[in-house]
Structure formats: structure tokens, C-alpha cells
Amino acid sequence: MGLKATNITKQFNGIDVIKKFDFTIDAGEIVTLVGRSGTGKTTLMRLLNQLEKADNGTIVIDDTFLCKENAEGKADYVSKKEQKTYGNQIGMVFQDYQLFPNLTVIENCLEAPLAQKLMTKEEAVQKAESLLQQMGILDKRDVYPGTLSGGQQQRAAIARAMMLNPKILCFDEPTSALDRDTANGIGKMIQEIASDGTGILIVTHDIDFAEQYGTRSVSSDLFIA
Ligand SMILES: Nc1ncnc2c1ncn2[C@@H]1O[C@H](COP(=O)(O)OP(=O)(O)OP(=O)(O)O)[C@@H](O)[C@H]1O
């Protein structure tokens, strides 16, 4: 069980960035996506997180499809409602974290589940507090993101991304703005999350980090092989 992307093709301006590529993330594994600059790592992560659309192929998490390859090989996207269901199975932590600056840390966590009416306020607060505790920043629950260090913002972004218990959690360059000690703290946190069965995808240029914390590495040099 986990994420399965099959026969994925993505072009920009008629040029293949990803061509007929198969990719999986199993429950509990930490897949690191490494490779030269401009080879499509971020593009693949954006496809899985609905920020770009695949031209061809199938993307599914467990039994929840985002798109299915049709008879002509094109990616047929499911309805908007079903896309939302898929979206709740996957979370993303952005390189610049993208926390809402005008909301406190806990309000950042509450936003998606309450906007989608997926939890009561009490349930959401309880879940957010427990995640902030796990991330070691419960004392920061009522402050604004701008007052946090980079590592603390990363932890707040992870808590927010985990509010809906995603089966897959993606990180774009999680260590790029962090010193080595802070990066190791995040690496251990990621291992802890994976040990509960969440599948992890990490796009990174940090080879040491990938080797230390990844359980499997995929090279984007293969995307158009
Ligand atoms: N929205 C877009 N429109 C046009 N071209 C794009 C778009 N997004 C990405 N590209 C192109 O797709 C290619 C792959 O970009 P991508 O950012 O996925 O690579 P990457 O491997 O993540 O690079 P880096 O390691 O530098 O972050 C690049 O040539 C890029 O210019």
C-alpha cells in the first residue's frame, strides 16, 4: 500500500521533463529523490501534490485515484470532489514552508480541517496540540510564524501537513535553510513519522542527508531515460 504513479509523462512547452516514468512510495519508506538541477524532481513532487497536471499516466494512493490513464494513454483526472479526497491522503512541506503569516501556529494547523469541515473545532485543536507536542513546539502554539526560527517553521509546517493523517508526506529541500544539527533533528522527526507507516518523499540536493535518513533513493536522471 502507498503511492503508485505509472507511465507518467509531463511536458513543458512540448519538451519532456518526465517520460513514461514509474514511481512508488510504500507505507513507511523514506524515498529520497536526487539528481541534477533541472531534471524534474520538483515537477514530479508537484504532480503528486496536484500543483501540476500529468499529461499521461496514472496516480493512485491505496485505492484513491488522482488520474487514470485512458485508452489513448492520456491522464484522465477524477472529479473535483474525488481530487479533494486524494488531496487529503498526501501532504507537502514546502522549501519556504508557506505558513500563513497572519495566522498563529495553531491557526495554521486548524485551517484546512475546519475549512473542509473534516473535524470539529475541539477535535482539530486536540490533534494540532498533539502534533505540535510531537514536533517539540507546543510552546509556540499561539505565536506568528514570522517569530519562529527556520527549524521551528519547518516543524510547524510538518504539523500542519499532518493534520489530516496523510498516507504520504512530501518534503521539498527540507535541509536547504538549516544548519547540520537542526537538519539532523528534522531527519529524526521524519524517521519517527515514517515508523508510524507514513510514506515519505524527500526532494534534496543534500546527499549526506539522503544517505543518512533515506531508505531508498531514486535519481531524476532516469525521468527521461
Ligand atoms: N511551470 C513551468 N513552466 C515551464 N517550464 C517549467 C515549469 N516548471 C518547471 N519547468 C521546467 O522543467 C524542468 C524541470 O524543473 P524542476 O524544477 O522540476 O527541476 P528540479 O530537478 O527540481 O531542479 P532543481 O534541482 O534545480 O530544483 C526545468 O527545465 C524547468 O525549467
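The values are calculated or read from the model by the stated rules, or taken from the named source; none is laboratory data. Being a predicted model, the structure only gives us computed values, none of them experimental. Reconstructed Cβ throughout: ideal geometry from the backbone, glycine too, with neighbour counts over all protein chains shown. Accessible surface areas use protein heavy atoms only, side chains included; no ligands, DNA or RNA. Shrake-Rupley method; radii C 1.70, N 1.55, O 1.52, S 1.80 Å.
Computed with a 1.4 Å probe over protein heavy atoms only, the accessible area of Leu164 comes to about 50 Å².
Amide H to amide H, with H built 1.01 Å from N, Val17 comes under 5 Å of Lys10, Gln11, Phe12, counting only residues 5 or more places away or on other chains. With a simple spin-label model that places each label point 7 Å from the Cα along the Cα-to-Cβ direction, the separation between Ile15 and Tyr144 comes to 4.1 nm.
The portion of the accessible surface of the stretch 39-142 made up by carbon and sulfur, rounded to a whole percent, is 48 (1.4 Å probe; DNA, RNA and ligands excluded).
Remark: the stretch 106-115, residue by residue, has Karplus-estimated 3J(HN,Hα) of 5, 5, 4, 5, 7, 4, 5, x, 7, 4 Hz, where x stands for each Gly or Pro and the curve is 6.51 cos²θ - 1.76 cosθ + 1.60 at θ = phi - 60°. Taking Glu192, Glu29, Glu72 as the candidate residues, the one with maximal mean-square fluctuation in a Gaussian network model of the chain, Cα springs under 10 Å, is Glu72.
In the calculated pair distance distribution of the stretch 50-104, what percentage of Cα-Cα distances lie above 16 Å? Show your work: numbers first, answer last.
On the way: 770 of 1485 pairs.
For the stretch 50-104, the fraction of Cα-Cα distances above 16 Å is 52 percent.
Close amide H partners of Leu66, meaning residues 5 or more places away or on another chain with modelled amide H under 5 Å apart, are Ile59, Val60, Ile61. For the residues Glu52, Glu123, a 1.4 Å probe over the protein chains yields an accessible-area ranking, largest first, of Glu123, Glu52. Solvent-accessible area per residue in the stretch 80-152 equals 56 Å², computed with a 1.4 angstrom probe and all protein chains kept.
Given the pairs Lys19/Lys53; Lys127/Lys167; Lys4/Lys117; Lys53/Lys74, which span a C-alpha to C-alpha distance of over 18 angstrom in this model? As for pairs spanning more than 18 Å Cα to Cα, those are Lys4/Lys117. Close amide H contacts of Thr32 (hydrogens built in the peptide plane, cut-off under 5 Å, sequence separation of 5 or more or a different chain): Ile202, Thr215, Arg216, Ser217, Val218.
What whole-number value in Å² describes the accessible area per residue of the stretch 1-69 for a 1.4 Å probe? Write down the numbers at each step before the final one.
On the way: 3090 Å² over 69 residues.
Ligands and nucleic acids excluded, the figure is 45 Å² per residue.
In sequence order, the stretch 157-165 has phi-based couplings of 5, 5, 4, 4, 5, 9, 4, 9, 6 Hz under the Karplus curve 6.51 cos²θ - 1.76 cosθ + 1.60, θ = phi - 60°, and Gly or Pro positions carry x.
What shape does the stretch 1-45 take by its C-alpha gyration tensor, where a ≥ b ≥ c are the square roots of the eigenvalues and a/c under 1.5 counts as rounded, a/b above b/c as prolate, and the rest as oblate? List each step's numbers first, then the result.
Details: a/c = 3.34, a/b = 1.61, b/c = 2.07.
Oblate is the answer for the stretch 1-45, as a/c is 1.5 or above yet b/c matches or exceeds a/b.
Along the stretch 52-60 the Karplus relation, 6.51 cos²θ - 1.76 cosθ + 1.60 evaluated at θ = phi - 60°, assigns HN-Hα couplings of 9, 10, 5, 7, 9, x, 10, 10, 8 Hz to successive residues, with x for each Gly and Pro. Each Lys and Arg adds +1 at its Cβ and each Asp and Glu adds -1 at its Cβ; summed about the Cα centre, the chain shows a dipole of about 480 debye. Rg and Dmax over the alpha-carbon atoms of the chain stand at 17.4, 54 Å. Taking packing as the residue-averaged number of other Cβ atoms within 10 angstrom, the listed peptides 171-178, 4-11 run from highest to lowest as 171-178, 4-11.
Entry note, the chain: relative contact order of 31 percent, from Cα contacts under 8 Å with a spacing of 6+ residues.
Residues Asp142, Asp63 ordered from highest to lowest accessible area at a 1.4 Å probe: Asp63, Asp142.
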